[in-house]
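The structure appears below as structure tokens.
Every number in this text was worked out from the coordinates using simple rules, so none of it is lab data. As the structure is a computational prediction, the values presented were derived from the model and not from experiment. Methodologically, a virtual Cβ is constructed for each residue, glycine included, from the backbone with ideal geometry; neighbour enumeration extends over all protein chains shown.
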Amino acid sequence: MYKNQSGTVMGVIEALCVSTEKGVVKQAVGEIVLRSAWGIEGDAHAGDWHRQVSLLAGESIDRMREKIPDLDHGVFAENIVTRGIDMLSLAIGDRLLAGEGVVLEVTQVGKQCHNDGCAIQRATGDCIMPKEGIFCKVLQGGILRSGMPIQMI
């Protein structure tokens, strides 16, 4: 967490992840391109619907790493991992400003886990995406890189 020039507390993008297929672990990448009303170019979840981009707090992943230390970014199928922003306080309709002008709108908080549970849930008895995953649509696109700021607006 850090403050911008006007003193506003901001979070940071810790990691970015994509996959070309649904239902698989996403792979960390250095940069993503987001298109308005579509999502992340090259990601399986992009499209004309309400869950174009998924976010998860790095702090939530840290708690899971206490049980499974070698968890990589993307294992929860998250696109954007944040650090230093209170993701659990977000509600439907809230907006986030990321990088140099990317605007995301929260459309869903949490999601139903797969019928048989994910591998993380089977291993630990718990999964964080159903409770802590944030899903958004892209209102204004652009390029995001790890290390860029993110804040609620």
*Around V138: net Lys/Arg minus Asp/Glu count, Cβ-Cβ under 9 Å*: +1
*Packing-based exposure ordering (other Cβ within 10 Å, fewest first) of H73, H50*: H50, H73
_Residue-span extension gain [R35 to Q140] - 0.36 nm each, minus C-alpha spacing_ = 37.1 nm
*For G133, residues with placed amide H under 5 Å, excluding near neighbours*: G110, K111
_3J(HN,Hα) from dihedral phi, region 30-44, Karplus parametrisation 6.51/-1.76/1.60, rounded to Hz, x for glycine, proline_ = x, 8, 10, 10, 9, 10, 3, 6, 9, x, 8, 4, x, 9, 4
*For A46, list long-range residues whose amide hydrogen, built 1.01 Å from N in the peptide plane, is under 5 Å from its own amide hydrogen.*
I40
_With θ taken as phi - 60° and the coefficients 6.51, -1.76 and 1.60, list the Karplus ³J(HN,Hα) couplings across region 68-82 in order, rounded to whole Hz; mark glycine and proline as x._
10, x, 9, 5, 8, 4, x, 5, 8, 6, 7, 8, 10, 9, 10
